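Working notes, structure below.
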Ligand SMILES: [Fe+2]
Ligand SMILES: [Fe+2]
């Protein structure tokens, strides 16, 4: 199943492959954020037992990914740096409905889109990175593909209009992932021309 409405631009792939250390630092934050998004949904909808069991496992897996990225950063001597929040997540949130019914579906679909974009980008980057990172990114692409399917399955159960709403949110997501961005992030659009850092 393909849910993204636009592929990641080549300009992002080139910039990210040339500056993969910087991307790795942001990627570590993304894994933590993925776990916290899943936990927030469990707190928001405690009566949904299927959601709780699916997302509890997913959150554990995201924290495991975080630990793996952190270990890799230490091995490769990539420094941890504090970053301001990027445009992508904040931009996605502007499209979310603020109240239920509606909000739950939007949050699940947003989860599906972020996982699908992550999966696409791990796949694009894996063959262009040094061996230590390449194998790991190929492995992560599989996990994120499974996560996006799990979010879609929960969205299908949440509301009958899921497919129509998915198209709307996917259009919004595609704009954020492809429009020129101020800086390079794991989920950003193409940044201004960067000098490769390696
Ligand atoms: Fe992950
Ligand atoms: Fe994930």
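Only the coordinates and a few stated rules stand behind these numbers; no lab work does. Values in this document were obtained by computation on a predicted structure and should not be read as measured data.
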Fill in: the chain: most fluctuating residue of 143, 53, 118 per GNM, C-alpha cutoff 10 Å
53
Item to complete: For segment 1-119, just list the percent of Cα-Cα distances falling in each 5 Å bin from zero outward, please.
Response: 2, 9, 17, 21, 20, 16, 9, 5, 1, 0
Item to complete: Please tell me the relative contact order of segment 1-84 in percent, rounded to the nearest whole number, where contacts are Cα pairs under 8 Å and at least six residues apart.
Response: 35
Worksheet entry | Cα centroid separation - segment 121-198 against segment 23-73, whole Å | 15
Worksheet, complete the sentence: Out of 173, 115, 161, a Gaussian network model of the chain with alpha-carbon springs under 10 Å gives the largest mean-square fluctuation to 161
Fill in: Cα coordinate range in segment 1-65, projected on the principal axes (Å, largest first)
45, 27, 16
Worksheet entry | Principal axis box of segment 89-189, alpha-carbon based, largest edge first, Å | 46, 30, 17
Worksheet, complete the sentence: P(r) of segment 40-85 over all Cα-Cα pairs, 10 Å bins starting at 0, rounded to whole percent, reads 23, 32, 26, 17, 2
Worksheet item: Add -39500 (n - 2.57) for each DSSP H run of 4 or more in the chain, then divide by its residues: what number comes out at 222 nm, to the nearest 500 deg cm²/dmol?
Response: -23500 deg cm²/dmol
